[in-house]
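The block underneath contains the structure these notes are about, expressed in C-alpha cells.
The values are calculated or read from the model by the stated rules, or taken from the named source; none is laboratory data. From a predicted model like this one, the values you see are computed outputs, not experimental measurements. Virtual Cβ from ideal backbone geometry, glycine too; neighbours counted across all protein chains shown.
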Amino acid sequence: DKGNHRHFMEKEIYEQPEVIAHALSHYIDFAGNRIKALSGTIDFAKIPSLAISACGTAYLAGLVGKYWFERYARLPVEIDVASEFRYREIPLPSEAAALFISQSGETADTLASLRYCKELGLKIGAVVNTRESTIARESDAVFPILAGPEIGVASTKAFTCQLAVLASLAIGAGRARGTVSAEEEQVLVRYLAEMPRIMGQVLNAVQPKIELLSRELSKCRDVLYLGRGTSFPLAMEGALKLKEISYIHAEGYAAGELKHGPIALIDENMPVIVIAPHDRFYEKTVSNMQEVAARGGRIILITDEKGAAASKLETMATIVLPDVDEVIAPMIFSLPIQLLAYHTAVFMGTDVDQPRNLAKSVTVE
Ligand code: M6R
C-alpha cells in the first residue's frame, strides 16, 4: 500500500525518520546514551581487520562504513563489490571478521563472497533487511537493519538504515577496542539519537526546491557527482540512484580525482552536483568547485548552513541542510540525493518503482 504517495519509492523516502528510529533503538540504549552490547556476535576487540562485501547501494553503504570503522575503531577494512571480492583471492587472516551487507539477503555474488570467507574460517556478520534470508541464515551474527519491506527497486530507506547500523557497529567496535572513550560514545550516540527528527525536518524543507531543480536536471544527458570523505560514496550513490530510475547518465567521483580526468567533460551542459558539508574536507572540495566554475560548469551545491555561508561561488542551485555532526551527515545528505533522483524520474515519466532491466533481488551472477 502506497498510502498517500504516488510511488513506493516516495513512500519509502518519507518513511526514513520512522524506520531509522526503529533501527537505532535496536542498537542504542537511549537511557544510558551508549551502544548496546551485541552479545554472542563478532568480537570487535580481538579481530585484526574487517572485510566488507556487497553489491550496488549496499556496497556503497559499506564504503561509508569503511571510513567509520577505520576512524572510530582503528580497524583496517578491506572492501570490494561482491562480484570482484569473491574471485580476487584476497589474503584474509582467519582471525578476521567479514560483514556482508544486503537488503534482500539473497544476492548471488554477496552470498558467494560470504561462503568464500566462511571457508577461510572468518567470523561472518550479515547486515540484512530480510532476516529470513539465505545470507542471514549462513551468518554467525545477524545485524538487522529493520527498514521494513522495501518495494521500490531503487534502494532508499534500506541504504540509510544500513548506514545507521554500520555507524552504531563502528562506534561499538571503537568502545570495545578502546579507541572511543565512554564520553565520546555518549556524544556520538546523542547525535545519532537526534537523527530521525532532523531527517523529518530536512525532508519537508528541501522538497519544493528539489522538485523545481529536477525539471532542469531532466533536460541533461550527463550529470557528475563529487564528494570527499564519506561524501564520496554518497556521490556514487547519488549517481547510481539517478541513472537507475531516470536513465540519465551519471557518475560519482572523489572530488580530488576531478583533475585526473573527468574535468575534461565539464561544460555548460553538464551539471556537477557537489556534496559538501562544512567538514574538514570542505575547503578542498570548494577549490574543486572553483575548477568546475572556471570551465563554465553549472554547480548544484548540497551543503549545510556553515558551508552555504562560506561559499562565494555562483551556483545553479544551492540546497542548504542544517549543520549536523560528521557522524550523521551521510544519512542526512542522502535525503536530497534520493529526492533529486526521484523527482527527476517522475518528471521524465519513467517507471520509478520498476525501472527497465532491473530486478529488486539479483539472485543470478
Ligand atoms: O538486496 P541487496 O542489498 O543485496 O541488493 C544489492 C543491489 O542489487 C541493490 O542495492 C541495487 O544496487 C539497488 N537497485 C540500488 O538502488
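Side notes on the structure shown:
- One residue stands out in segment 341-365 among those that are within 14 Å of the ligand (Cβ to nearest atom) and among the aliphatic types (A, V, I, L, M): the one that is farthest from the chain's Cα centre (by Cα), namely V364.
- Among the residues of segment 142-163, just one is over 17 Å from the mean Cα position of the chain (by Cα), touching a residue at least 60 places away in the same chain (Cβ under 8 Å) and either within 14 Å of M195 (Cβ to Cβ) or within 13 Å of the ligand (Cβ to nearest atom) (or both), namely I151.
- Contacts under 7 angstrom Cβ, first residue in segment 102-118 being assigned to a helix (DSSP H, G or I), partner at pLDDT below 95 and near the ligand (Cβ under 9 Å from one of its atoms), 6 or more apart: A108/V362
- Tally, over segment 21-60, of residues that are surrounded by fewer than 16 Cβ atoms within 10 Å (Cβ to Cβ) and under 17 Å from G178 (Cβ atoms): 5
- Subset of segment 156-188 [outside any helix (DSSP H, G or I) and touching a Leu at 6+ places or on another chain (Cβ under 8 Å)]: V180
Quick grid of which residues meet (1) at negative phi; (2) in contact with a Pro (Cβ under 8 Å, 6 or more places away or on another chain); (3) part of a loop (DSSP other than H, G, I, E, B):
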site: I300; (1), (2), (3): yes, yes, no
site: V324; (1), (2), (3): yes, yes, yes
site: S334; (1), (2), (3): yes, no, no
site: I337; (1), (2), (3): yes, no, no
site: L358; (1), (2), (3): yes, no, yes
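- Annotation: N288 fulfils all but one of (1) in contact with a Leu (Cβ under 6 Å, 6 or more places away or on another chain); (2) free of Cβ contacts under 8 Å to residues at least 60 places away in the same chain; (3) more than 20 Å from P336 (Cα to Cα); the unmet one is (2).
- Extreme residue, nearest to the chain's Cα centre (by Cα), among residues of segment 46-67 that are away from the ligand (no atom under 12 Å from the Cβ) and part of a helix (DSSP H, G or I): V64
- The residue that is farthest from V142 (Cα to Cα), counting only those in segment 86-119 that are modelled with pLDDT under 95 and surrounded by 15 or more Cβ atoms within 10 Å (Cβ to Cβ), is I90.
- If you go through segment 136-155 and keep only what is buried (at least 17 other Cβ atoms within 10 Å of the Cβ) and in a loop (DSSP other than H, G, I, E, B), you end up with S139, I145, L146, A147, E150, G152, V153, A154, S155.
- Index of the failed condition, E84 passing every other in (1) within 14 Å of the ligand (Cβ to nearest atom); (2) charged (D, E, K, R); (3) free of Cβ contacts under 8 Å to residues at least 60 places away in the same chain: (1)
- With respect to (1) away from the ligand (no atom under 16 Å from the Cβ); (2) touching a residue at least 60 places away in the same chain (Cβ under 8 Å); (3) surrounded by fewer than 16 Cβ atoms within 10 Å (Cβ to Cβ), the lone exception for Y247 is condition (1).
- A count restricted to segment 211-239 and to residues that are surrounded by fewer than 23 Cβ atoms within 10 Å (Cβ to Cβ) and closer than 18 Å to M348 by Cβ stands at 11.
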